Amino acid sequence: VPLQASGGGLVQPGGSLRLSCAASGSIFSFAAMGWFRQTPGKQRELVARTVSDGSRNYAYSVKGRFTISRDNAKNMVYLQMNRLKPEDTAVYYCNGLKYNRQEFWGQGTQVTVSS
């Protein structure tokens with residue numbers, strides 16, 4: 001499995017979680033890596049993405065609260081989620097896009113924000 005996501009769970013509003021995505025190979029082989037999320041009945045949406053040139057982009061709804069980062073030595077990508085809101089509740093998916101446009105998805109990890 002090229003990508004393995006972990007770190008989801010139940011957290012109260014205002015709390016924090018960190019999601020981790022482990023790549024089975026070098027993350028340098030990916031042009032971009034990111035996190036998407038999906039709720040029942042809705043399309044999967046981009047949450048955050050880091051590109052090989054170092055740039056990052058975020059969904060407007062998470063800017064200032066979420067941070068995507070990567071550890072090249074460990075072949076890991078993280079999503080630090082702070083000040084979580086109930087509307088952040090979703091299944092989160094790690095995504096990797098190769099330079100040849102081949103796309104990979106990790107298994108989803110459930111994040112539930114509830115009191």
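Here the Karplus curve 6.51 cos²θ - 1.76 cosθ + 1.60, taken at θ = phi - 60°, turns the phi angles of region 76-83 into couplings of 10, 10, 10, 10, 8, 10, 10, 6 Hz, with x standing for Gly and Pro. Normalising the average separation of contacting C-alpha pairs (under 8 angstrom, six or more residues apart) by the number of residues puts the relative contact order of the chain at 38 percent.
Ligands, DNA and RNA are left out, and with a 1.4 angstrom probe the accessible area of the chain is 52 Å² per residue. With no solvent and one point per C-alpha, what does the Debye sum give as log10 I(q)/I(0) for region 1-64 at q = 0.20, 0.30 Å⁻¹? The Debye formula, applied to the Cα set alone, gives -1.03, -1.36. When nucleic acids and ligands are ignored and a 1.4 Å probe is applied, residue 89 ends up with an accessible area of around 40 Å².
Calculated from the alpha-carbon coordinates, the chain shows an Rg and a Dmax of 13.3, 44 Å respectively. A simple spin-label model places pseudo-atoms 7 Å from Cα toward Cβ; at residue 71 and residue 83 they are separated by 2.6 nm. Under a Gaussian network description of the chain, with springs only between Cα atoms under 10 Å, the residue in 42, 85, 98 that fluctuates furthest is 42.
The values are calculated or read from the model by the stated rules, or taken from the named source; none is laboratory data. Just so it is clear, the model here is predicted, and its values are computed rather than measured. Positions of Cβ are generated from backbone atoms using ideal geometry, with glycine treated the same way; all protein chains shown enter the neighbour counts. Heads up: the accessible areas ignore ligands, DNA and RNA and are worked out on the full protein's heavy atoms, side chains in. Shrake-Rupley method; radii C 1.70, N 1.55, O 1.52, S 1.80 Å.
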